[in-house]
Amino acid sequence: MLSSSTSTVAIFTGARKGKGRDDTAQRPLFLRHSSATLLPRCLCNVFSSLFCSKRFILYSIMRPLTEEETKTMFEKLSKYIGANIKLLVDRPDGTYCFRLHHDRVYYISEKILRLATNMSRDKLVSVGTCFGKFTKTQKFRLHITALDFLAPYAKYKVWVKPGAEQSFLYGNHIMKSGLGRITENTPQYQGVVVYSMADVPLGFGVAAKTTQECRKADPMSIVVFHQADIGEYIRSEDTLT
């Protein structure tokens, strides 16, 4: 609840406790208003007309993706795992879905999603696994936190030599001199998952050259453009979720 001397804005995240009430039911959010001075002045008149009935349903920020958002995100994912996207949703261990919260897309089981409805939206930092975020221009950017779900389904892979691992984990592109192996028939500009020679996923990127071009490339030429790496857990831990 937020309050001032002249106004009160109250957010209820569930049914009130009491005799005959179901406290476990999914709970909508309500916003009650009385000339709230906590809101920007330009919005006061708008909210006054909306709240003339004393109660207004305010849907949680966490919501399903729109058709356009889903298309944008799936196009990005398909660059790395192709048609295997369906395996992320149709899982034998339960039903999973994608939800948007503060411009970030979370991959979450429906069981956890139901539990999350019991929390106040302003106290919910993250839930499930963050796959990425939408930029201000509505482009989707994959985060390194999605790596554990991309790696098992990746169609094209790149392995880096031990001497090139540290450079990649500092956010640099992969040079031909650091390339250990690459999946046969990898197209140019195809999304690839990057592994160490011990088959440990290190991140993902975009192939700068085809498999055939890599064989003839100069040792100092770029073969994989860097997109994300597990070093970001240290470099960017404040902005990942």
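Each value in this text was obtained by applying a stated rule to the coordinates, not by laboratory testing. Please read these numbers as outputs of a predicted model, since none were measured by experiment. A quick note on method: Cβ atoms are made from the backbone with ideal geometry, for glycine too, and the neighbour counts reach across all protein chains shown.
Summary of values
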| quantity | calculated |
| --- | --- |
| Given K161/K216; K76/K157; K133/K209, the pairs whose alpha carbons are separated by over 20 Å | K133/K209 |
| Descending Cα extents along the principal axes, region 100-201, whole Å | 52, 30, 26 |
| Radius of gyration, Dmax [region 63-149; alpha carbons; angstrom] | 12.8, 36 |
| Region 155-233: equivalent-ellipsoid semi-axes (sqrt of 5 x gyration tensor eigenvalues, Cα, Å) | 17, 13, 11 |
| Packing-based ranking, highest mean first, of 62-72, 87-97 given that Cβ atoms within 10 Å are counted | 62-72, 87-97 |
